[in-house]
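Just below is one structure, and these are the notes that go with it.
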Amino acid sequence: MRWKGGRRSDNIEDRRGQGPAYGAAGAAPIALRLLPMLIRTRVGRIVLVVGVVAVIGGQMLGIDVLSLLAGGTTAPSRTAAPLSEEQKQRADFVSVVLADTEDTWHNYFQALGRQYREPTLVLFTGAVSSACGNASAAVGPFYCPGDQKLYIDLTFFQDLEDRHGAPGDFAQAYVVAHEVGHHVQTLLGISDKVRAAGRGASPARVNALSVRQELQADCFAGLWGHAANVERHLLDPGDLEEALRAATAIGDDRLQREAGREVVPDSFTHGTSAQRVKWFRTGFESGDFAACDTFAAADER
């Protein structure tokens with residue numbers, strides 16, 4: 001993929017080397033108001049001693065307890081290790097990919113008579129806090145509609161290559177573009193409709209809706225790939241195959257087999273390898289937004 005020299009997105013939030021945020025808003029004002037009363041009583045003096053011990057112990061563990069009491073949010077204090085050249089390049093790469101998806105979706109939304117609102121991509125290490133809650137890197141890249149941000153620990157790309165056998169920069173770009181696809185679904189109200197349709201439904205029905213939503217995000221990733229290839233000529237020979245290998249590698253059926261489990265279609269939430277390949281190809285080959293209506297298809301295959 002010819003990404004070097006491309007425009008970098010301004011919507012990157014780099015939290016690598018930080019931990020999830022913690023908070024205790026309003027605690028300090030309350031403690032200060034209670035201080036005179038605490039000093040006058042034996043129990044109060046014990047509470048103060050415990051508080052001092054907590055502050056000292058917190059500092060020993062790298063936690064700024066006073067900042068917590070002041071109502072701010074903080075993470076365990078640490079000095080982030082310098083980023084390697086590979087880490088810097090990966091961040092540079094996803095910034096270019098995100099910028100290119102921005103260009104693509106601005107054009108599609110303009111054709112739809114709407115305005116595209118760009119998401120933020122959060123880079124993190126190990127664990128992260130979002131409006132959807134705390135998450136570890138084990139969940140993989142994800143999109144949170146609550147804050148309209150994409151979250152990714154870039155070590156996932158190494159896992160994609162080593163564990164899933166899907167190397168290559170366009171395989172990695174497909175992952176980013178898929179999460180952007182979920183942002184598009186949020187902006188267009190598709191995600192809200194899926195949630196509404198799933199209320200009170202059986203687990204199998206909820207999973208089936210999730211599959212269609214995920215396959216549409218694959219198709220939307222294909223739309224971006226089409227624009228990157230046809231309009232901006234960013235793809236090299238073999239890039240499409242990289243994305244298709246990635247789509248194959250993370251199909252529900254393949255992941256269940258690799259885990260030594262029985263393949264249970266009713267438990268699928270993202271679709272089979274064949275489905276994911278099919279819908280990415282649909283977007284990539286057509287470049288047609290209307291072709292990505294997985295919900296209107298006779299079946300999600």
Exercise. All but one of (1) out of contact with any strand residue (DSSP E or B) (no Cβ under 9 Å at 6 or more places or on another chain); (2) modelled with pLDDT of 95 or more hold for GLY251; which doesn't?
Worked result: (2)
Exercise. Taking THR272 and the conditions (1) out of contact with any Phe, Trp or Tyr (no Cβ under 9 Å at 6 or more places or on another chain); (2) surrounded by fewer than 20 Cβ atoms within 10 Å (Cβ to Cβ); (3) free of Cβ contacts under 8 Å to residues at least 60 places away in the same chain; (4) not charged (D, E, K, R), which numbered condition does it fall short on, given that it satisfies the others?
Worked result: (2)
Exercise. Which residue, of ASP236, ASP266, is under 22 Å from LYS278 (Cα atoms), in contact (Cβ under 8 Å) with a residue 12 or more places away in the chain and out of contact with any helix residue (DSSP H, G or I) (no Cβ under 7 Å at 6 or more places or on another chain)?
Worked result: ASP236
For this session: Could you check, for region 218-226, whether at least one of its residues is surrounded by fewer than 21 Cβ atoms within 10 Å (Cβ to Cβ) and assigned by TED's automatic domain parsing to the domain that holds ASP100?
Result: yes
For this session: Determine whether region 191-206 contains at least one residue that is under 21 Å from THR282 (Cα atoms) and modelled with pLDDT of 95 or more.
Result: yes
For this session: Return yes when GLY283 is part of a helix (DSSP H, G or I) and either surrounded by fewer than 13 Cβ atoms within 10 Å (Cβ to Cβ) or within 23 Å of the chain's Cα centre (by Cα) (or both) and no when it is not.
Result: yes
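Let's see how each residue does on (1) assigned to a helix (DSSP H, G or I); (2) surrounded by fewer than 20 Cβ atoms within 10 Å (Cβ to Cβ); (3) within 18 Å of the chain's Cα centre (by Cα); (4) of a type outside the set (Val, Ile, Thr):
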| site | (1), (2), (3), (4) |
| --- | --- |
| TYR143 | no, no, yes, yes |
| PHE156 | yes, yes, yes, yes |
| PHE170 | yes, no, yes, yes |
| HIS178 | yes, no, yes, yes |
| HIS182 | yes, no, yes, yes |
| SER191 | yes, yes, yes, yes |
| ALA196 | yes, yes, no, yes |
| ARG205 | yes, yes, no, yes |
Exercise. What about ASP253, is it under 23 Å from the mean Cα position of the chain (by Cα) and either more than 20 Å from LEU188 (Cβ to Cβ) or not assigned by TED's automatic domain parsing to the domain that holds GLU161 (or both)?
Worked result: yes
Problem set entry | Search result, residues across region 260-280 that are under 16 Å from ALA243 (Cα atoms) and assigned to a helix (DSSP H, G or I) | SER273, ALA274, GLN275, ARG276, VAL277, LYS278, TRP279, PHE280
Seminar exercise, completed: When region 78-133 is checked residue by residue, the ones that are basic (Lys, Arg) and either in a helix (DSSP H, G or I) or modelled with pLDDT of 95 or more (or both) are LYS88, ARG90, ARG114, ARG117
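The values are calculated or read from the model by the stated rules, or taken from the named source; none is laboratory data. These figures come from a predicted structure and were not determined experimentally. Positions of Cβ are generated from backbone atoms using ideal geometry, with glycine treated the same way; all protein chains shown enter the neighbour counts.
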